[in-house]
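Every read-out reported here was derived from the displayed coordinates using simple, explicitly stated rules and does not represent laboratory data. Everything numeric in this text was worked out from a predicted model, so none of it was measured. Every residue, glycine as well, gets a Cβ built from its backbone with ideal geometry; the counts of neighbours run over all protein chains shown.
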Amino acid sequence: MPNSLALKLGSSLPVLGQEIESYAQIIKTIPILTAKEERELAERFYNDGDLEAAKKLILFHLRFVLYIAQGYRGYGLPEADLIQEGNIGLMKAVKRFNPNVGVRLVSFAVHWIRAEIHEFILRNWRIVKVVTTKAQRKLFFNLRSMKKHLGWLSPSEVEKIANDLGVSKKDVLEMEKRLSTQDLTFDTPSNDSNEDESFAPVVYLEDNRYDPATLVEANEWENHGHKRLYAALDQLDDRSRDIVQQRWLNEDKSTLQELANYYHVSAERIRQIENNTIKKLKKSMGSLI
């Protein structure tokens, strides 16, 4: 995003250092743009460099950044920072958005928003917080010097350390495990790594099933598919279109024999027409992408 646009936005975006709930309440009062309104704003910025239009596009999509950022809770990082990084990704997306492509901004921006959040997590995230209680602090500073070897502690050693430091054996074992754990890379390992890709945190720490941006994107893609299908159907002859309609699209589907009786041909002939028509539809829909 050009510096001038970033500076203009700086005076209008809510302060993320405040409570997240207050921030969420503020941005939820901002209405969602219709497809027509969004396209008009996007064209003004894309064609004329209208910074006020870009500013509105960003403000009207802040709620989506919040929803996406909330999917990355649990890394021990401030949620306000995650939201701020997502907002930067949104700005970059608006800068690069081409309204002539035919998709909504949120479908395009979700990838930029996530990319910025991922980069932030990669720079700051650690798998565990090693010390959280008084007993753990005592163990953290003393356990390494009290261990006689580099291997795991024996039951007798665990009991001795617990007695010497006045902590429970459970605390000793937990701290030994934490001190022995190495940080994992956030994303999937490279091809020459021995790490199992299924254990990369990026695989299991985010749940996108109810991500509004993902749902909007999926809905738009489904609508696009429907348009392509009906455009391809319009290119068929009446009999072929009716057979596909009766066999696949109607709620009460007809059998091959029912259609054979209607068109006074064999059921095998109906099957042949059906198969040939489906091939034509696939070819036509492919050319409409």
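Restricting attention to the stretch 216-269, which GluC sites (Glu not before Pro) occupy a DSSP loop and are surrounded by at most 15 other Cβ atoms within 10 Å? Taking the stretch 216-269 and a limit of 15 other Cβ atoms within 10 Å, the loop GluC sites (Glu not before Pro) found are Glu251.
The ranking of His111, His264, His61 by Cβ neighbour count inside 10 Å, starting from the fewest, reads His264, His111, His61. Loop-resident trypsin sites (Lys or Arg not before Pro) (DSSP state other than H, G, I, E or B) in the stretch 45-80 with no more than 13 further Cβ atoms inside 10 Å of their Cβ: Arg73.
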